[in-house]
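J.: What follows is a structure written as C-alpha cells; I'll ask about it next.
The values are calculated or read from the model by the stated rules, or taken from the named source; none is laboratory data. Keep in mind the model is a prediction, meaning the values are calculated, not measured. Reconstructed Cβ throughout: ideal geometry from the backbone, glycine too, with neighbour counts over all protein chains shown. With ligands, DNA and RNA removed, areas are computed over all heavy atoms of the protein, side chains included. Shrake-Rupley method; radii C 1.70, N 1.55, O 1.52, S 1.80 Å.
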Amino acid sequence: MATGSQPAPRRARVQRQALAELLTELGPGHPTLCAGWTNHDLVAHLVTREHVPWAAPGLVIGGLHGLTERAERATMRSHTYPELVETFRAGPPWWQPTRIGLFDDATNFVEYFVHTEDVRRAVPGWKPRELDETGRGAMWAALRLIGFAGFRRAGVGVVAERVDRPGRRVLRSGEPGVEIVGMPEELVLYAFGRTTVAQVELRGAETEVERLRDTPVGL
C-alpha cells in the first residue's frame, strides 16, 4: 500500500541537530564569535535557556543578565560537555511551548542559525552555508523585529536590501540613511552584531557608513 510523503523536518529542529553535530565535532575548547565564550560556554547557555526558567528574564532584561550568567555557570559546573551537548540535541523539556513545531521555528530557527555561525566563523577558512528558499524567507521575515532591536542605537537610518530577489525593508527610520545589502541570513547576522563576518555591503555617504560602523549593533 502506498504511503504519503513524510512532512519536511521543522527548520529549528534541523538547525538544532546541525549545531549539536558541530559542537560534538569541534569540542569544548573551540572559540566562538561570542566574546569570551568557547563551545562549552555556548552549549551551557543553550541548555540554560531551555531548562532553567528562572534564568529567562536575564536574556531580555539587561539589569537581570547577571542572574542568567550565574545560572549558566551553574549549568556548566553540573554537567560534562558531552552531557550538555546531548541535552541540547534532545530538545526542549516537556513543559516548553517550543516542543510544538511552529513555536520552535518561531523561537529557535534564527537563534540556532546564528549560534552555528558563531562556531563556524570563529576560525579562518569558513564558507557561507546555503539556505533553501523557505529558510531565506523565514530570515527575511525575522529581520523586521531583529533589525528594529539591533539598530535601535544607530544614529542613521538603516535600510536592508536582499540580493537573492527584490526586497527592501526599513530597519530604522531616519535621513540620511545607510543601505545594508546582502542575503537575508547575512543581514540577520549583521543585525545580531556579527558585523565582522557578515557578508554584506554598506552603501551610503562615507560619513554615514562610518557612523553606522561605529555604532554598537546587536540584540
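J.: With the requirement that a residue be of a type outside the set (D, E, K, R) and crowded, with 17+ Cβ neighbours inside 10 Å, what does region 169-180 give you?
T.: Across region 169-180, the qualifying residues are Leu171, Gly177, Val178, Ile180.
J.: Which of the following residues is assigned to a helix (DSSP H, G or I) and at pLDDT 95 or above: Glu69, Glu21?
T.: Glu21
J.: Next question, about the same structure. Condition first: surrounded by 14 or more Cβ atoms within 10 Å (Cβ to Cβ), of a type outside the set (Lys, Arg) and over 21 Å from Glu111 (Cα atoms). Now tell me which residues in region 182-209 satisfy that.
T.: Leu202, Gly204, Glu208, Val209
J.: Kindly indicate the residue of region 74-123 that is open to solvent by 50 Å² or more (accessible area, probe 1.4 Å), under 21 Å from the mean Cα position of the chain (by Cα) and charged (D, E, K, R) and also modelled with the lowest pLDDT among those meeting that condition.
T.: Arg99
J.: Restricting attention to region 146-176, which residues are more than 19 Å from Ala198 (Cα to Cα) and either hydrophobic (A, V, I, L, M, F, W, C) or touching a helix residue (DSSP H, G or I) at 6+ places or on another chain (Cβ under 6 Å) (or both)?
T.: Result: Gly155, Val156, Pro176.
J.: Follow-up question, since we're still on this one. Could you tell me which residue of region 142-158 is surrounded by the most Cβ atoms within 10 Å (Cβ to Cβ), considering only residues that are touching a strand residue (DSSP E or B) at 6+ places or on another chain (Cβ under 9 Å) and under 10 Å from Leu212 (Cβ atoms)?
T.: Looking at residues that are touching a strand residue (DSSP E or B) at 6+ places or on another chain (Cβ under 9 Å) and under 10 Å from Leu212 (Cβ atoms), I get Val158.
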